[in-house]
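Nothing in this text is a laboratory measurement; each read-out follows from the coordinates by a stated rule. In this text the structure is predicted, and so the values were computed from the model without any measurement. Glycine gets a Cβ as well: all are built from the backbone with ideal geometry, and neighbour counts include every protein chain shown.
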Amino acid sequence: MHPVAFDLSGVTVHWYGILLATGFMVGLWTAGRRGMRIGLNPEDISNLMLWMFIGGIAGAKILYVINHWGDDSFKNLFMQRSGMVFHGALFGTALAVWLFTLKTKMPLWATFDTLAPSFALGHAFGRIGCFMTGCCYGKPCDLPWAVQFPETHDTQSAHVHPTQIYESVLNLALYGALAWLFRNRKFNGQVFATYLLAYAVLRLAMEFFRADSRGSLWFGTLTSGQGISILLLIAGGAMWYLLSTREKIEPEPSEKQ
């Protein structure tokens, strides 16, 4: 665990911030390339990313505060080092995309399809940042690839599942699958719906391996991550069902012959 990358003139630079920014920039670049294939303006994609950044940070912090309500909630909301929750970032980002497409008249579902692979790619970078910081850690295990954090860490130097690495690798695989699907999609919204379904399953599985505090339980049994993932499964399934008939993509003339 090495949360601090370096100090620059008295300013401490953390690995989490570096990797989050790297994931954001790489995601922007890949989304721009995909967008050009379907006629989206690269400048619109760049402007949208600023909205997404603001919406994502705000959503991540707000959901963290909700999950840890009562623990200096409003103070934590504005602290630079307060925690963030990915599901909140996803909701905040989705809201930003919806508002931006309303403003610019960009096609909503085609835009979400363009961005969906980048969500997975950026998340893969973010989870490496979690590993360097020591958050989102796993349960004790005796597997050959178990990791140890320092004695001062919450795990007290026990061997634990490297859940951050698990999720990073799975998100990279998801990125590859979604990038392929984007080139072969049959309807607008298919890639985004697939992302919601796949990430929900991924996250449900990961929750069984994690040991960090994730706030209050839903109905006394489900972690917030599990509860929200179930909602994402429902939303992704409904989206697939509705959009598969309403947003069909007509094949190019050459493909019809």
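Some notes on this structure:
- Ranking Thr22, Gln190, Leu202 by how far each Cα lies toward the positive end of the dipole of the chain (charges on Cβ) leaves Gln190 at the top.
- 18 Å cut-off, amide nitrogen to a point 7 angstrom out along Leu143 Cα→Cβ, residues in segment 162-187: 162-174
- Put a dot 7 Å past the Cα of Ile249, heading toward its Cβ, do the same for Ala177, and the two dots end up 1.8 nm apart.
- Sorting Trp29, Trp15 from the fewest to the most surrounding beta carbons within 10 angstrom yields Trp29, Trp15.
- Selection from Ala173, Ser9, Thr101, by position along the positive dipole direction of the chain (Cβ): Thr101
- Were the residues from Val13 through Trp98 laid out at 0.36 nm apart, the gain over their Cα-Cα distance would be 27.3 nm.
- Theoretical FRET efficiency, 1/(1+(r/R0)^6), r = Cβ-Cβ of Asn47 and Leu242, R0 22 Å, to 0.05: 0.20
- Additional length obtainable on full extension of the chain from Lys105 to Phe209, 0.36 nm per residue less Cα span: 33.2 nm
- Separation of alpha-carbon centers, segment 222-242 and segment 37-66, rounded to whole Å: 21 Å
- The shape of segment 4-246 can be summarised by an equivalent ellipsoid whose semi-axes, obtained from the alpha carbon gyration tensor, come to 30, 21, 18 Å from longest to shortest.
- Those GluC sites (Glu not before Pro) in segment 146-210 that DSSP places in a loop and that have at most 16 other beta carbons within 10 Å: Glu151
- Between Gly126, Gly17, Gly220, the residue with the greatest mean-square fluctuation in the GNM of the chain (Cα pairs under 10 Å linked by springs) is Gly220.
- Sparsely packed trypsin sites (Lys or Arg not before Pro) within segment 90-165, loop by DSSP, other Cβ within 10 Å at most 11: Lys105
- Taking the Cα centre of segment 4-246 as reference, the dipole from Cβ charges on Lys and Arg (+1) and Asp and Glu (-1) amounts to some 940 debye.
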